[in-house]
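Read-outs throughout are calculated quantities, based only on the coordinates presented, and are distinct from any laboratory measurement. Keep in mind that this is a model prediction, so the values were computed, not measured. In this analysis, Cβ positions are derived from the backbone assuming ideal geometry, glycine residues included, and neighbour counts consider all displayed protein chains.
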Amino acid sequence: MKIGILVGMENTFPPALIEKINGMNAGVTAEYVKIGGVRQDDACEYRVIFDRISHEIPFYRSYLKHAALNGTIIVNNPFWWSADEKFFGYSLATKLGLAIPKTVLLPQKAYIKGVTDASLRNLEYPIDWDGILADVGLPAFLKPHDGGGWKDVYKVSSKEELWNAYDQTGTLAMTLQQFVDFTLYTRCYCVGRKEVLVMPYDPKTRSYIPRDQYELPRELEDRMIRDTILINEALGYDLNTVEFAVQDGIPYAIDFTNPAPDADLWSVTEPYHNWVVEAVSRMLVDYAVNGAPTARYHRWNKWLHPENDETTLHITGAANVAHSASKAISAVIDEISKPVKPKRTRKAATGELKKPAAKKAK
Ligand SMILES: Nc1ncnc2c1ncn2[C@@H]1O[C@H](COP(=O)(O)OP(=O)(O)O)[C@@H](O)[C@H]1O
Ligand SMILES: [Mg+2]
């Protein structure tokens, strides 16, 4: 069984993983994925693919969706990774009861070529800046609704600064977020939705602080661990980081859609790097041996494998797929044509029982 690793320019984390997994002698080997043109009926030779870079290479993202269709377990799920963004995360986490700073999604400053006023008739104009600022307060953070790597993040202290920053954001959809005047800041790895490492971090120097040199109250750390697992259970990521900014003892989650989090030896420092290499290697090997295909989460899977329960998937070729699909369609047609019995027969006004009407086939 093989685990394939898809990488960008990082050069400490992926080789450390490959060495670790290959040294585990668990009947699973790890290697870098090699691909060229991908045919639509190609099978995928990997049981698991660990993706570190498809957010920058659309060809890889498309290949990963194809691999998922063919039964491979993809970390992280490329469909969700394509669909999620920061603002959705803030809304979801708010509903889950996490502490999230007040955040407002803003209409874009500019639009792609070809979009004219006629295309924008649903937009309120002008934007109610005063109302938004009254909610969020000042200072505030203006940052992309779907960002990463600290790009296009602005701290603004007045309406004028906000407008100046907003004017530079072009076609990006931005959010305006309440400033958290934090006294503590942590970045938490979450692996397999169950293992969490809380790393104290100093955003001012952009450096990690050794765990034993940082005062972090036990209950606060427990809450961070609990919130991290909850958000990852909800979003469905196998590897992610959650960043908390702590003000008045409350850990506000401010950044938690990071499906390819930095794990480089030279940036996260050796103890944290080693932890994540260990935990991710164990997770990937466990998924290879015991895991269920990423396909199980998707509607199309039941059309391909109606005979399987949701946690299994065996693809043995195009003919099998076509056969399964046609069986699924027949089953659905049968279902539609079956008369439907109402749960309870209603008593008619005459006192007689009314016969349930048969549902017509479409
Ligand atoms: N609401 C906020 N309050 C205080 N600081 C913030 C807030 N949002 C972002 N920051 C600061 O800006 C940095 C980058 O923002 P973040 O949301 O983490 O974006 P990215 O995904 O680019 O890392 C954070 O590490 C933090 O230092
Ligand atoms: Mg961040």
I'd like to compare 25-36, 271-282: which one has the highest average count of other Cβ atoms within 10 Å, and what's the full order after that? 271-282, 25-36
Cross-link partners among aspartates and glutamates for LYS204, C-alpha distance below 15 Å, same-chain residues fewer than 8 apart left out? ASP181, GLU243
For the peptides 74-80, 177-183, 217-223, what is the packing order when you average, over each peptide's residues, the other Cβ atoms within 10 Å and list the highest mean first? 74-80, 177-183, 217-223
Where a Cα-Cα gap under 18 Å defines reach, which aspartates and glutamates qualify for LYS159, not counting those fewer than 8 residues away within the same chain? ASP128, ASP130, ASP135, ASP167
Nearest-0.05 FRET efficiency for ASP130 and ALA83 at R0 = 25 Å, using Cβ-Cβ distance, is 0.15
In the structure shown, do any of LYS65/LYS194; LYS20/LYS302; LYS109/LYS194 have a Cα-Cα gap over 28 Å, and if so which? LYS20/LYS302; LYS109/LYS194
Quick query: amide H of ILE73 versus all other amide H atoms, modeled in the peptide plane; which residues come in under 5 Å with a sequence gap of 5 or more or a different chain? VAL48, ILE49, THR294
Residue span ASP262 to GLN213: 0.36 nm per residue of separation minus Cα-Cα distance leaves a gain in nm of 15.5 nm
Once TRP303 and LEU138 are pulled to full extension, the length gained, defined as 0.36 nm per residue separation minus their Cα-Cα distance, is 54.2 nm
Calculated from backbone phi, Karplus (6.51, -1.76, 1.60) coupling profile of the stretch 226-239 in Hz, x at Gly/Pro: 5, 5, 5, 5, 4, 5, 6, 4, 5, 7, x, 8, 7, 9
Two pseudo-spin positions, 7 Å from Cα along C-beta at GLU233 and at LYS113, lie apart in nanometres by 4.9 nm
Where does the stretch 81-188 land on the Kirkwood hydrodynamic radius, alpha-carbon pairs, in angstrom? 15.1 Å
Over all directions, what mean area does the Cα convex hull of the stretch 1-141 project, stated in square nanometres? 13.9 nm²
If packing is taken as the mean number of other Cβ atoms within 10 Å per residue, what is the order of 284-293, 123-132, 252-261, 52-61, highest first? 252-261, 284-293, 52-61, 123-132
Which residue, ALA134, ALA110, SER82, has the largest displacement toward the positive end of the dipole of the stretch 48-147 when charges sit on each Cβ (Lys, Arg +1; Asp, Glu -1)? SER82
A correct Karplus calculation of ³J(HN,Hα) over the stretch 59-66, with 6.51 cos²θ - 1.76 cosθ + 1.60, θ = phi - 60°, whole Hz and x for Gly and Pro, returns 4, 5, 4, 5, 4, 5, 5, 4
